[in-house]
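Undergrad: One structure follows; several queries about it will come next.
The values are calculated or read from the model by the stated rules, or taken from the named source; none is laboratory data. Not measured: the values here are computed from a predicted model. We place every Cβ from the backbone using ideal geometry, glycine too, and count neighbours over all the protein chains shown. Remember, those area values only see protein heavy atoms, side chains included, never the ligands or the DNA or RNA. Shrake-Rupley method; radii C 1.70, N 1.55, O 1.52, S 1.80 Å.
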Amino acid sequence: FLTDRLGAGNYTAEISFKTTPYYYASSTTANIIIEGINTTLSASKLTTVYGKGDELVATLKDADGNPISDAELIFTFDNIDLAAVTGADGKARLDVTLLPPKVYYATISFAGDEIYNPSSVENVKVYVQKIATSLIATDVVTSYHNGARLVATLRDANGNTIGYEKVTVTIDGSKWDL
């Protein structure tokens, strides 16, 4: 009997021989201990800008340094668990595009399975920075009570127009929130 059909764990094998015309029956037991393969999980810190489309990458390898594929990793940010599965290269990628700007310390864990032992990495720093902005306003020359508009456009660092955000206009000490 080859033990490669069994996953990691402790087993008791019951082995028996039935009576034949020439031999009496006998039986015994044997303990089988199959140890899981140790794993290592690694991830590098990440600094990104909100909305940029970066990924936090974690790599899972066995004790010999071989990548482990199709393993679920759990990325934990502020008590929120997000799952990603490793590819053939042993890497799991988690999109952090929409994480609000701030500093996070992630814990990434692999629970283990029937072959591999669990592993984790803690305090992986993920720094999501705010997006730089610019305001563009055109000068206004008008006659008194003409009703000309001052137009200002808020753009992100990529030149995209930003809508639905508050802009404050101050003229001679008076403020208007638009």
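Undergrad: Which one is right for this structure if Rg and Dmax of the Cα atoms in Å is calculated from it: (i) 17.1, 63; (ii) 22.9, 79; (iii) 30.9, 122?
TA: Structure-derived value, by its label: (iii).
Undergrad: Then there is this: What is the gain in length, in nm to one decimal, between residue 20 and residue 33 on full extension, counting 0.36 nm per residue of separation less the C-alpha to C-alpha distance? Please list the in-between numbers first.
TA: On the way: separation 13, 0.36 × 13 = 4.68 nm, distance 3.19 nm.
Gain in length upon complete extension: 1.5 nm.
Undergrad: Sticking with this one: Once ligands and nucleic acids are excluded and a 1.4 Å probe is used, how much of residue 69 is accessible, expressed in Å² to the nearest 10?
TA: Approximately 60 Å² of residue 69 is accessible to the 1.4 Å probe.
Undergrad: Give the peptides 55-64, 20-29 in descending order of average Cβ contacts within 10 Å, highest first.
TA: Details: 55-64: 17.7, 20-29: 8.0.
Put in order of decreasing packing, that is 55-64, 20-29.
Undergrad: Sticking with this one: Excluding same-chain residues fewer than 8 positions from residue 175, which lysines have a Cα within less than 18 Å of its Cα?
TA: 166
Undergrad: Continuing with the same structure: How big is the dipole moment of the chain about its Cα centre under a simple scheme where the beta carbon of each Lys and Arg is +1, that of each Asp and Glu is -1, and everything else is neutral? Debye, nearest 20, please. Mind showing how you got there, number by number?
TA: Values: 14 positive and 21 negative charges, 113 e Å.
Here the size comes out at about 540 debye.
Undergrad: Something else now. I'd like the distance between the alpha-carbon centres of segment 126-169 and segment 10-82, rounded to an integer number of Å.
TA: With segment 126-169 and segment 10-82 each reduced to a Cα centre, they are spaced 54 Å.
Undergrad: Which lysines have a Cα lying under 20 Å from the Cα of residue 61, excluding residues fewer than 8 positions away in the same chain?
TA: Leaving aside lysines fewer than 8 places away in the same chain, those within reach of residue 61 are 45, 91.
Undergrad: Follow-up question, since we're still on this one. What chymotrypsin sites (Phe, Trp or Tyr not before Pro) does segment 98-178 have in DSSP loop regions with at most 12 other beta carbons within 10 Å? Each step should come with its number before you reach the end.
TA: On the way: sites: 104, 105, 110, 116, 127, 144, 164, 176; in loops: 144, 164.
Counting only loop positions with at most 12 other Cβ atoms within 10 Å, the chymotrypsin sites (Phe, Trp or Tyr not before Pro) in segment 98-178 are 144, 164.
Undergrad: Got a sec? Charge dipole of the chain, +1 on Cβ for Lys and Arg, -1 for Asp and Glu; which of 71, 134, 90 is way out at the positive end?
TA: 134
Undergrad: If you don't mind, another one. Using only protein heavy atoms and a 1.4 Å probe, report how much of residue 17 is accessible, in Å² to the nearest 10.
TA: 90 Å²
Undergrad: How about residue 125: which aspartates and glutamates have a C-alpha closer than 19 Å to its C-alpha, ignoring those fewer than 8 places off in the same chain?
TA: Within the straight-line limit of under 19 Å, residue 125 reaches these aspartates and glutamates: 54, 55, 78, 81, 95.
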